[in-house]
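Comments concern the structure below.
The values are calculated or read from the model by the stated rules, or taken from the named source; none is laboratory data. Remember, it's a predicted structure, so these values are computed and weren't measured experimentally. Please note: Cβ atoms are built from the backbone with ideal geometry, for glycine as well, and neighbour counts cover all protein chains shown.
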Amino acid sequence: RCMVVGLVLAVLALVWQVTRAAPVLRAGYVLMALVLPVWYFGTPEHLAFVLLAPYVALAVARLEGEGGSTRAAVAAGALAAAGVALEPALAVVPLAVLALEAWLARSARVVSAPEHAALGAALAVAFAVAVVAVPQLLETGPGLWSAWRALPRPSIGALLTRDIHVWIVWFALGAALLFGRTVAPRRRIAVLAAVTAAGLTAALLQRSGDGPDFFPAAAFAVMLLLALTVAAPIGRSRLVALRRVTAALLLVPLLYLFGAVTWRRAHGVFTRTRADQLVVMRLLGGARKDIAVLSADLADVYPVTLELGHRFVPRYPSLWAALLPEAHPMRAAMLRHYGDDLRARPPEVIVVRAPRGAERRPREPAVDYLALLCRDAVARDILSRYRFAERAGGFELYRTDAEGAAACVSS
């Protein structure tokens, strides 16, 4: 957490440098990067927003005639590349910025700007390093992509109306459409609206329906509404009060929700997800150790392992292979990867998601993770050394020194 706070503050220094004429962008960044990310703090989506923020702020400065130093532009482009590397779907954000700049300039020459050149170069270098460091990436990449596409997905309609994460985006885009032409910094509003829409597009492209996927879009939407609230009007517009009241009121639902969760968590009242994470943390214990958590839900693994400093053994952060169709070729391959990882570095403890009755989350798939892994010969051989130790809150703990049923038997 200290490292993430340090990164947020370091990026803030760059944002501060390129937003001299737009302090509202600083306020929006601090609010969504440091104050209100709540349960998203430190997730890849939160970090991606942090890393993309200077690039977006620089685009606003460029279009408003402020510009910035070449060094700041190169840094913003490199940071944006890191954000895209973390969340590849968010590549649509710099693409939206570039398209808007080219359209407003009526020229494609904007692509040669230092920030765009740095972004492209950094992504190329990152890809080359990844291929050299992990040569099997080109071989396994298509299979993983096929497996990811085969996962069950909610409909686009369900995603577009899911909850406050999406509603705040619609609120912000609607307000920009209604009032964008009545404010002096019209290009600022245009950039923020473009990246907000791009963030939503990135979440829809992933089709997972997970809240973190929508965080960058929601964060940019908050920045957009803040900009609409304080923007100076063009001439004596009669809509000034209506615009400011509307934008401020539209901010209330999200700020209330995120703020209420922050307040409740500070006073020991947690969401169900956090309550489950606390169960996992208690089962794992405080001493640093090698661990494995068998669950298709990333929230059961992250940020638990980082908060406690444990070393997570499997190469995949969650057992999402369990959600693949039975006949998909990557399902057996990924289970074998789990077996290979457990054999190469046997964890001291294994926590398994195994809910019963009311312990099951809404829409949680019914998966017996141990039974699934025990189908693989390598995984079955290593799991035969672990025995049931304890059960709590929909999770089971297995250790080699326990005296309960063997893992593959108990499943």
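Among the residues of the stretch 287-301, just one is small (Gly, Ala, Ser), within 11 Å of residue 317 (Cβ to Cβ) and modelled with pLDDT under 90, namely 299.
Looking at this structure, is residue 31 under 23 Å from residue 256 (Cα atoms), aliphatic (A, V, I, L, M) and in contact (Cβ under 8 Å) with a residue 24 or more places away in the chain? Walk me through how you get there before you give the answer.
On the way: under 23 Å from residue 256 (Cα atoms): yes; aliphatic (A, V, I, L, M): yes; in contact (Cβ under 8 Å) with a residue 24 or more places away in the chain: yes.
When the stated conditions are applied, residue 31 passes them.
Look at the stretch 118-135: where a residue is modelled with pLDDT of 90 or more, no partner that is not in a helix (DSSP H, G or I) and not hydrophobic (A, V, I, L, M, F, W, C) sits 6+ places away or on another chain with Cβ atoms under 6 Å. Going by the structure shown, is residue 74 within 21 Å of residue 225 (Cβ to Cβ), in contact (Cβ under 8 Å) with a residue 12 or more places away in the chain and β-branched (Val, Ile, Thr)? No. Among the residues of the stretch 350-368, the ones that are in contact (Cβ under 8 Å) with a residue 12 or more places away in the chain and either surrounded by 21 or more Cβ atoms within 10 Å (Cβ to Cβ) or within 25 Å of the chain's Cα centre (by Cα) (or both) come to 9 in all. Taken together, the residues in the stretch 10-31 that are part of a loop (DSSP other than H, G, I, E, B) and either of a type in the set (D, E, K, R) or crowded, with 18+ Cβ neighbours inside 10 Å (or both) amount to 3. Sub-7 Å Cβ pairs linking a first residue in the stretch 157-182 that is at negative phi and charged (D, E, K, R) to a second residue that is outside any helix (DSSP H, G or I) and surrounded by 15 or more Cβ atoms within 10 Å (Cβ to Cβ), at least 6 apart or interchain, are 162/209, ordered by first then second residue.
Within 20 Å of residue 45 (Cα to Cα) and in contact with a strand residue (DSSP E or B) (Cβ under 7 Å, 6 or more places away or on another chain): does that describe residue 271? Working first, answer last.
Working: within 20 Å of residue 45 (Cα to Cα): yes; in contact with a strand residue (DSSP E or B) (Cβ under 7 Å, 6 or more places away or on another chain): no.
In short, no.
Return the residue satisfying two criteria in turn: it lies in the stretch 227-249 and is of a type in the set (Lys, Arg) and more than 34 Å from the chain's Cα centre (by Cα), and of such residues it is nearest to residue 174 (Cα to Cα). Don't jump to the end; show me each part of the working.
First, pick out the residues of the stretch 227-249 that are of a type in the set (Lys, Arg): 236, 238, 243-244.
From what's left, more than 34 Å from the chain's Cα centre (by Cα): 236, 238.
Working: 236: 22, 238: 19 Å.
Restricting to residues being of a type in the set (Lys, Arg) and more than 34 Å from the chain's Cα centre (by Cα), the top hit is 238.
Being among the hydrophobic types (A, V, I, L, M, F, W, C) and in a loop (DSSP other than H, G, I, E, B) is the filter; apply it to the stretch 122-179 and report the residue that is surrounded by the fewest Cβ atoms within 10 Å (Cβ to Cβ). Per the stated criteria, the residue is 134.
Scanning the stretch 1-24 for residues that are over 21 Å from the mean Cα position of the chain (by Cα) and in contact (Cβ under 8 Å) with a residue 12 or more places away in the chain turns up 14, 17, 18, 19, 20, 21, 22, 24.
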